[in-house]
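A.B. asks: The structure under discussion is supplied below as C-alpha cells; questions concerning it will follow.
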Ligand code: C2E
Ligand code: MG
Ligand code: MG
Ligand code: MG
C-alpha cells in the first residue's frame, strides 16, 4: 500500500517536473528571438529621497511581452536566460538602454538622476563586465557616478576573491554598487567591510509588515543603523503605506521606493511623474 502511494507520488512529481521543463524550454526558444523582435522593454520605478520627497533616481526593470504567451515576469524568465547564456546579450541590452534613457532625461532637463540596473551574477562573473560598462557610459556621455549596479548577496558566494577584484575595478571606474534584497541572502556581514558597496537595499519582505511585526522593525532598524555607521546609504524597497514610511523616516532611512510612490513606469510616464514635483 505504502509502496503504491510512493509510486503515485513519484509519477505526480515527475509529471510536474516535466511540465516545468517544457515551460522553460518554450520560454528559452521564445527568448532567443525576443531581443530582435523588440519584445523587451524597460520600465522605471522612481526612487525617492526620504527627507526631501524628491525623485532622485530610477530603477530599470525588465519587461517581456510575448505576442502569444503574454507578459512574463522577470522572476520567471531571468533564471531561464541565466541557464542558457542569453542573460549576457539581454543584460548588455538592458545596461545600454537604461544608460541611453538616462542621457535622454539629462538632455530633457530632468535634473541629475541616478539609474539603477539589476545585474545577474552571470554578468558579474563575466570577465568583460567592467570594460563593457565603461564603454556604454562613454558612448552615452553619462558620468559613471550616476549608474548604480544592483547585485544580490549571492554574487560573492562562489568566488569571493574574484568578486572583490571586480568590485574594486568597478569602484575605480567610479561606478556604484548596491546590494539588492539585502538581508535575504547567505552571506557574512564581514563582506561589507571588504566589498566596495555604496548602498544597501532593504528587502521588501522586511518592509511588508513593518507597522505591526516587532521582529521586522528590529531588523530594519538594525540594518539602517549599521549602514549609517559604515557610511552606506539605505533604500527601502516595497514601501506601500504611510505607516511604513513613517517608521523608515523615524529610523533615518535615506531613500524609499515602492507602490506608495509609484509602480514601475514607461519612460514617458516616468518623465511626467518627475515633472509633477515632490511627494512623501
Ligand atoms: P528587484 O530588483 O528586487 O525588484 C523589485 C521588484 O519589486 C520589482 O518586481 C518591482 O516591480 C517590485 N516592486 C516595487 N515596488 C513594490 C511594492 O511597493 N510592492 C510590491 N509588492 N512589489 C514592488 P519585478 O519588476 O517583477 O522584478 C522582479 C525581479 O526580477 C527583480 O527584483 C530583479 O531581481 C529581477 N529583474 C528585473 N529586471 C531585471 C534585469 O534587467 N536584469 C536582471 N538580472 N534582473 C532583473
Ligand atoms: Mg533591484
Ligand atoms: Mg530587491
Ligand atoms: Mg529580487
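The values are calculated or read from the model by the stated rules, or taken from the named source; none is laboratory data. Here the structure is a predicted model, which is why all the values come from computation and not from measurement. No Cβ is skipped: glycine too gets one built from the backbone with ideal geometry, and neighbour counts run over all protein chains shown.
A.B. asks: Right, residue 149: surrounded by 16 or more Cβ atoms within 10 Å (Cβ to Cβ), closer than 24 Å to residue 47 by Cβ and touching a strand residue (DSSP E or B) at 6+ places or on another chain (Cβ under 7 Å) or not?
C.D. replies: yes
A.B. asks: Could you list all residues from the range 67-112 that are surrounded by fewer than 18 Cβ atoms within 10 Å (Cβ to Cβ) and more than 30 Å from residue 276 (Cβ to Cβ)?
C.D. replies: 67, 68, 69, 70, 76, 79, 82, 83, 84, 85, 88, 89, listed by residue number.
A.B. asks: What number of residues within the range 246-259 are without any contact (Cβ under 8 Å) to a residue 40 or more places away in the chain, within 13 Å of ligand 1 (Cβ to nearest atom) and either under 10 Å from residue 210 (Cβ atoms) or in a strand (DSSP E or B) (or both)?
C.D. replies: Adding up the residues that qualify gives 0.
A.B. asks: Across the range 197-208, what is the total count of residues that are buried (at least 21 other Cβ atoms within 10 Å of the Cβ) and within 16 Å of ligand 4 (Cβ to nearest atom)?
C.D. replies: The qualifying residues number 7.
A.B. asks: Please work out which one of (1) modelled with pLDDT of 95 or more; (2) surrounded by fewer than 19 Cβ atoms within 10 Å (Cβ to Cβ); (3) out of contact with any strand residue (DSSP E or B) (no Cβ under 6 Å at 6 or more places or on another chain) is the condition residue 276 fails and give its number.
C.D. replies: With respect to (1) modelled with pLDDT of 95 or more; (2) surrounded by fewer than 19 Cβ atoms within 10 Å (Cβ to Cβ); (3) out of contact with any strand residue (DSSP E or B) (no Cβ under 6 Å at 6 or more places or on another chain), residue 276 is out only on (1).
A.B. asks: Restricting the search to the range 228-243, which residues are surrounded by fewer than 23 Cβ atoms within 10 Å (Cβ to Cβ) and either at pLDDT 95 or above or under 21 Å from residue 47 (Cβ atoms) (or both)?
C.D. replies: 228, 230, 231, 232, 233, 237, 238, 240, 241, 242, 243
A.B. asks: Now for a different question. Among the numbered criteria (1) more than 15 Å from ligand 3 (Cβ to nearest atom); (2) assigned to a loop (DSSP other than H, G, I, E, B), which single criterion is violated by residue 240?
C.D. replies: (1)
A.B. asks: Every residue in the range 115-125 that is within 16 Å of ligand 3 (Cβ to nearest atom) and either without any contact (Cβ under 8 Å) to a residue 40 or more places away in the chain or closer than 16 Å to residue 237 by Cβ (or both), please.
C.D. replies: If the condition is that a residue be within 16 Å of ligand 3 (Cβ to nearest atom) and either without any contact (Cβ under 8 Å) to a residue 40 or more places away in the chain or closer than 16 Å to residue 237 by Cβ (or both), then 116, 117, 118, 119, 121 are the ones that fit.
A.B. asks: Scan (1) within 25 Å of the chain's Cα centre (by Cα); (2) exposed (fewer than 14 other Cβ atoms within 10 Å of the Cβ); (3) at pLDDT below 95 for the single condition residue 13 breaks and write down its number.
C.D. replies: (1) is the only condition that residue 13 fails.
A.B. asks: Residue check: is residue 211 within 22 Å of residue 49 (Cα to Cα), buried (at least 17 other Cβ atoms within 10 Å of the Cβ) and free of Cβ contacts under 8 Å to residues at least 60 places away in the same chain?
C.D. replies: Spelling it out, it is not the case that residue 211 is within 22 Å of residue 49 (Cα to Cα), buried (at least 17 other Cβ atoms within 10 Å of the Cβ) and free of Cβ contacts under 8 Å to residues at least 60 places away in the same chain.
A.B. asks: Another one. Looking at (1) within 15 Å of ligand 3 (Cβ to nearest atom); (2) part of a loop (DSSP other than H, G, I, E, B), can you tell me which one residue 179 breaks?
C.D. replies: (2)
A.B. asks: Tally time: how many residues in the range 51-68 are more than 15 Å from ligand 1 (Cβ to nearest atom) and either in contact with a helix residue (DSSP H, G or I) (Cβ under 7 Å, 6 or more places away or on another chain) or outside any strand (DSSP E or B) (or both)?
C.D. replies: 7
A.B. asks: Within the range 87-103, track down each residue that is more than 14 Å from residue 64 (Cα to Cα) and in contact with a helix residue (DSSP H, G or I) (Cβ under 8 Å, 6 or more places away or on another chain).
C.D. replies: Listed by number, the residues that qualify are 88, 92, 95, 96, 99, 100, 101, 102, 103.
A.B. asks: Name the one entry in 158, 122 that is assigned to a loop (DSSP other than H, G, I, E, B), in contact with a helix residue (DSSP H, G or I) (Cβ under 9 Å, 6 or more places away or on another chain) and either more than 28 Å from residue 247 (Cβ to Cβ) or more than 16 Å from ligand 1 (Cβ to nearest atom) (or both).
C.D. replies: One residue alone meets the criteria, 158.
A.B. asks: Also, I was wondering about something else. From 71, 116, 131, 98, which residue is in contact with a strand residue (DSSP E or B) (Cβ under 6 Å, 6 or more places away or on another chain) and assigned to a helix (DSSP H, G or I)?
C.D. replies: Criteria check complete, one pass: 98.
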